[in-house]
Amino acid sequence: EHGVLRTEIKNLLKEGLESKFHKQIERVVDSREYLSVNFTNEIVKTYRDVIRLVNSLLFEIETIKEEVFFYDFYFLQLLKLEFPRVYEALINNRYLFFTLKSDNETYEYKTANEAWESEDSLSRRRMFQLDPNNQADPDEGDIVTSFKKYLQDNQEDLDLTEYDQNLITHLVDTLLTV
């Protein structure tokens, strides 16, 4: 069943987008880049989901297709399809969840303690830390990111299971590493 739905997504997207996107469509729809998870299989469960995903993606990409990295855009559309309130929170509050890395080109998570800290203040503080990657001290356990804290604190309001939280976290991790 999953293979049939993925094939339909690929066919409909190829019909709606120029050929320059076709290889990217094949790659992202069948992707298993993060822990062998195929996000399409996890989120798209019915033919109705296929139609909703494709229609949303084709509508929203129309004015930005020359500026967008299709792989990321597709994953964001999956997130929006299944978890629209989490998607909205990410878009509307991205500065609470993410900060630019020192290369000023890629993003990383903010810790829960850093959520309200400005980019300038945070980058200055991190510059002078002994550990520039802001990694957890092995003796202290994992650092809780502001995004993970958001998911945990709003689990009931967002109607998220623990599995949903893990899926969302893996999806966002993939967006940050691709």
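Values as computed for the structure displayed
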| read-out | value |
| --- | --- |
| Residue identified as of a type in the set (Asp, Glu) and closer than 22 Å to Asp164 by Cβ among Glu26, Glu67, Glu60, Glu42 | Glu42 |
| Of all residues in segment 146-178 being open to solvent by 10 Å² or more (accessible area, probe 1.4 Å) and of a type in the set (Val, Ile, Thr), the one that is modelled with the lowest pLDDT | Val178 |
| Residue selected from segment 3-48 under the condition of a type in the set (S, T, N, Q) and part of a helix (DSSP H, G or I), by the criterion least open to solvent (accessible area, probe 1.4 Å) | Thr40 |
| Whichever residue in segment 41-64 is among the basic types (Lys, Arg) and more than 14 Å from Leu13 (Cα to Cα) and, among such residues, is nearest to the chain's Cα centre (by Cα) | Lys45 |
| Elements of type helices (runs of 4 or more DSSP H) contained in segment 52-141, each with 2 or more residues being modelled with pLDDT under 85 | 119-127 |
| Residues satisfying the stated conditions in segment 1-35, i.e. in contact (Cβ under 8 Å) with a residue 24 or more places away in the chain, charged (D, E, K, R) and touching an Asp or Glu at 6+ places or on another chain (Cβ under 7 Å) | Arg6 |
| Enumeration of residues in segment 82-111 that are open to solvent by less than 20 Å² (accessible area, probe 1.4 Å) and not polar (S, T, N, Q) | Phe83, Val86, Ala89, Leu90, Phe97, Lys110 |
| Of residues in segment 49-73 being among the hydroxyl-bearing types (Ser, Thr, Tyr) and surrounded by 13 or more Cβ atoms within 10 Å (Cβ to Cβ), the one farthest from Val172 (Cα to Cα) | Ser56 |
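The values are calculated or read from the model by the stated rules, or taken from the named source; none is laboratory data. Nothing here was measured: the structure is a model prediction, and the numbers come from that model. Cβ coordinates were reconstructed from backbone atoms using ideal geometry, including for glycine residues, and neighbour counts include every protein chain displayed. Just the protein is used for accessible areas: all its heavy atoms, side chains included, with ligands, DNA and RNA removed. Shrake-Rupley method; radii C 1.70, N 1.55, O 1.52, S 1.80 Å.
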